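Undergrad: A single structure is presented below for examination.
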Amino acid sequence: MSPVQTSTAPTTALAVDYRQPTADDGERLWEIASDSKVLDVNSSYSYVLWCHDFATTSIVAEVDGRPVGFVTGYRRQTDPSTLMVWQVAVDDSCRGHGIAGTMLHRLFDRCQRLGVVAMHTTISPDNVASQRLFESVANARGLRFERRDLFAADQFPDAHEPEDLYLLEPELVEP
Ligand SMILES: CC(C)(COP(=O)(O)OP(=O)(O)OC[C@H]1O[C@@H](n2cnc3c(N)ncnc32)[C@H](O)[C@@H]1OP(=O)(O)O)[C@@H](O)C(=O)NCCC(=O)NCCS
């Protein structure tokens, strides 16, 4: 993940539908990730597989029947009450309309019914847009928003920013 510093104010209301992905969406998700010029672009196979195997923890936003954004996530194996968000992207033409925030809220709502109470993600230090996005979701849901070191740049074999862990968690209640 790296920085997206241009946020455009919405000029028109978009009619957006939100739904679980299917394997047929994998190709378009790969395209949106590639077009973002920001995300790590994984193989097309990984997006098709993800949409097939992790559909319940992922979401697609579409306009006029065409996906314009997605969130891919999974429940941590060691703690299924935590939804780990892998990637979020919205097509450049549809940014600034609240689509990313709505996808995260709707996905969180859906996963809460499965027992999820917290959301984690990793963000590179220079990706202000992503930090703001998750902070906004945390604030709206009354969740604690915390950053921790996770992966250092020298853990990656290629040129890659560090990836910090961001936690959106219920406030700790003193016993
Ligand atoms: C980051 C991204 C997903 C945001 O999508 P979006 O639909 O435009 O975001 P939203 O309109 O839902 O905005 C959600 C919040 O983030 C903030 N935000 C969004 N883009 C921002 C930017 N470029 N700079 C600062 N804040 C930004 C909004 O102000 C909003 O905050 P608010 O709720 O307090 O008003 C989109 O810019 C994108 O796809 N970027 C490329 C991929 C990427 O960086 N993904 C994140 C890392 S995986």
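Undergrad: On the accessible surface of the stretch 17-169, probed at 1.4 Å, how many percent belong to carbon and sulfur atoms?
TA: Result for the stretch 17-169: 48 percent of the exposed heavy-atom area is carbon or sulfur.
Undergrad: Rank these residues by their accessible area, most exposed first, probe 1.4 Å: Trp30, Trp86, Trp50.
TA: Reading off the accessible areas and sorting them downward yields Trp30, Trp86, Trp50.
Undergrad: May I ask you to derive the FRET efficiency for Asp64 and Glu135 from their Cβ-Cβ distance with R0 = 30 Å, giving the value to the nearest 0.05?
TA: 0.45
Undergrad: Quickly work out the Ser44-to-Arg76 label distance, labels modelled 7 Å from Cα along the C-beta direction, and quote it in nm with one decimal.
TA: Between Arg76 and Ser44, the simple spin-label model gives 3.5 nm.
Undergrad: Here's another thing I want to ask about it. How far apart, in nm, are two points set 7 Å out from the Cα along the Cα-to-Cβ line at Ala152 and at Asp126?
TA: 2.0
Undergrad: Could you give the accessible area per residue of the stretch 18-175, probe 1.4 Å, as a whole number in Å²? Each step should come with its number before you reach the end.
TA: Details: 8150 Å² over 158 residues.
On a per-residue basis, the stretch 18-175 sits at 52 Å².
Undergrad: Now a separate question. Please list log₁₀ I(q)/I(0) at q = 0.08, 0.10 Å⁻¹ for the stretch 17-169, using the Debye equation with identical point scatterers on the alpha-carbon positions.
TA: -0.20, -0.32
Undergrad: Going from most exposed to least, what order do Arg110, Arg66 have by accessible area with a 1.4 Å probe?
TA: Order by accessible area, largest first: Arg66, Arg110.
The values are calculated or read from the model by the stated rules, or taken from the named source; none is laboratory data. Everything quoted here is computed from the prediction, not taken from an experiment. Here Cβ is always computed from backbone atoms with ideal geometry, including for glycine, and neighbour counts include all displayed protein chains. We work out accessible area using only protein heavy atoms, side chains counted, and drop any ligands, DNA or RNA first. Shrake-Rupley method; radii C 1.70, N 1.55, O 1.52, S 1.80 Å.
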